[in-house]
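First comes the structure, then the notes that go with it.
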Amino acid sequence: MYQLTIEDVERINNIEAQPGRTAFVDECGNFGFNFETKTSSKTDGPSLYYIVCAVVVKNENISSLESETEEIRKNNGFQTGEMKSSKIGKNHKRRRKLLADLLTLDFSLVILIADKQKFYQDSPLTNYKESFIKFLHQKLYDEMYGMYPKLKIVEDEYGLSEFQKGYRKYIRSNRPQLNLFNEYDFDYINSRYSPIVQIADIIAGSIMQKLLDKEAPDVLKMFESKIRGFVNFPNEYPSFIAGIKADKKFDAKIYALADHCATQYIDTNKDKNDEDTRMRILFLKHLLWVVRNINPNKYVSSNEIIKVLSELSNRKIRRNYLYRKVIAPLRDAKVIIASCSHGYKIPTSIDDIYSYVNQTNGVVGPMLERVKTCRQLILAHTDGALDIFDDPAFIKYKRYFGDY
């Protein structure tokens, strides 16, 4: 019989301490790989993309969010009908107005985008629909469980898709056995009576519109501050690389190395149960999300990182904790993180590395000069008899100051 360890108990306590949340899930697109008829419709043929959007809300805020969403629905011309992306179509002005209104509400997002065009030709998943669906189950579950280990999931019961039918079963069979509180539960609701499921429909549909029409509102950038989890499948970024090669500062080798180091740390440590490791993984995921999908040159501020990690933790993350328990251990683990006064990022150029070195030198350089002054004073006072760098622990500083 399995006996709980101290780490197991700590993990369970951390989960129990988290606020109760509910994820309202909807999807856009369908399965199938015959792209002769290119459409985003759910019924007219295979879609080029498959998108799942989860709107995550603290349970205590559900009632107020439903009321606020209902007001937005009425004010955006839906009258008595539910908000649906398909009803907006290519009316970009109306969609942009609705998205701007939804942006004012209090919720978070977990998003999965599967670009079927990038793998259908060579992938066995195209021949086995169940394998493709199960693979998406795994990707979405890993992301959602990493962000929210305590969660109830609500999906639209109307016309339950193959994805929805299988996801409930997948989570029940893959949920960690140590989750004694049965934290992942499911419910289904008609989207007509759930304004929050309608938010998921609007966002998923708007992402699809942007992917198919460059003139459509860029919902990912608009909702950047709300996105806590993001999955691209397959995990390739050729368009990202192509898009920033025009920037003369971009260095593909530096970016590839930094991306690899961050991704490798996540993959190696994702099954660990301690909260510090979980915070490091969430920190890296946020930086990767920003560099890959928002702006490769953007530094993410400490305040933004603290806000994100605090929301996903069971406590208020302090700046000192961010430095000592998240960033420093990641750098010790050979993860390359650029930093400057503006914040942190996955480096994409040598300038990013120089910024980090200059910032470090600005702190360490003056400290070393003070140590050098202290050493010289003691040497002078003892006629050279006492050199504080003779201690074996400090021999390396003799090399630094050029003694040998």
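The values are calculated or read from the model by the stated rules, or taken from the named source; none is laboratory data. Everything quoted here is computed from the prediction, not taken from an experiment. Here the Cβ positions follow ideal geometry from the backbone for every residue, glycine too, while neighbour counts run over all protein chains shown.
If you check ALA258, ALA252, which single one turns out to be free of Cβ contacts under 8 Å to residues at least 60 places away in the same chain and more than 30 Å from THR22 (Cβ to Cβ)?
Details: ALA258 fails: free of Cβ contacts under 8 Å to residues at least 60 places away in the same chain.
Just a single option satisfies the conditions, and that option is ALA252.
If we scan the stretch 392-403, do we find a residue that is surrounded by 14 or more Cβ atoms within 10 Å (Cβ to Cβ), at pLDDT 85 or above and either over 23 Å from the mean Cα position of the chain (by Cα) or outside any helix (DSSP H, G or I) (or both)?
There is no residue in the stretch 392-403 that is surrounded by 14 or more Cβ atoms within 10 Å (Cβ to Cβ), at pLDDT 85 or above and either over 23 Å from the mean Cα position of the chain (by Cα) or outside any helix (DSSP H, G or I) (or both).
Identify the residue in the stretch 322-348 that is within 13 Å of VAL291 (Cβ to Cβ) and not aromatic (Phe, Trp, Tyr) and, among all such residues, is surrounded by the fewest Cβ atoms within 10 Å (Cβ to Cβ).
We begin by selecting, within the stretch 322-348, every residue within 13 Å of VAL291 (Cβ to Cβ); these are 336-338, 343-348.
From what is left, the residues that are not aromatic (Phe, Trp, Tyr) are 336-338, 343, 345-348.
Working: ILE336: 19, ILE337: 21, ALA338: 24, GLY343: 17, LYS345: 24, ILE346: 25, PRO347: 24, THR348: 24.
Restricting to residues being within 13 Å of VAL291 (Cβ to Cβ) and not aromatic (Phe, Trp, Tyr), the top hit is GLY343.
Select from the stretch 72-86 the residues that are crowded, with 21+ Cβ neighbours inside 10 Å and either of a type in the set (Asp, Glu) or over 14 Å from ILE199 (Cβ atoms) (or both) and list them in ascending order.
Of everything in the stretch 72-86, nothing turns out to be crowded, with 21+ Cβ neighbours inside 10 Å and either of a type in the set (Asp, Glu) or over 14 Å from ILE199 (Cβ atoms) (or both).
Tell me yes or no: at least one residue of the stretch 360-377 is of a type in the set (Gly, Ala, Ser) and either farther than 30 Å from LEU322 by Cβ or in a strand (DSSP E or B) (or both). Spell out the reasoning first.
Here is the first cut: in the stretch 360-377, the ones of a type in the set (Gly, Ala, Ser) are 362, 365.
Next cut, either farther than 30 Å from LEU322 by Cβ or in a strand (DSSP E or B) (or both) only: none.
No - not one qualifying residue is present in the stretch 360-377.
Answer yes if at least one residue in the stretch 134-145 is at pLDDT below 70 and aromatic (Phe, Trp, Tyr), and no otherwise.
Step one: filter the stretch 134-145 for residues at pLDDT below 70, giving none.
Looking through the stretch 134-145, none of the residues is at pLDDT below 70 and aromatic (Phe, Trp, Tyr).
What number of residues in the stretch 343-386 are among the β-branched types (Val, Ile, Thr), modelled with pLDDT of 85 or more and closer than 25 Å to LEU330 by Cβ?
5
I need every pair where a residue in the stretch 101-113 that is more than 15 Å from GLU311 (Cβ to Cβ) and outside any strand (DSSP E or B) has its Cβ under 7 Å from the Cβ of a residue that is of a type in the set (Lys, Arg) and at pLDDT below 95, sequence separation at least 6 or different chains.
No pair meets every condition.
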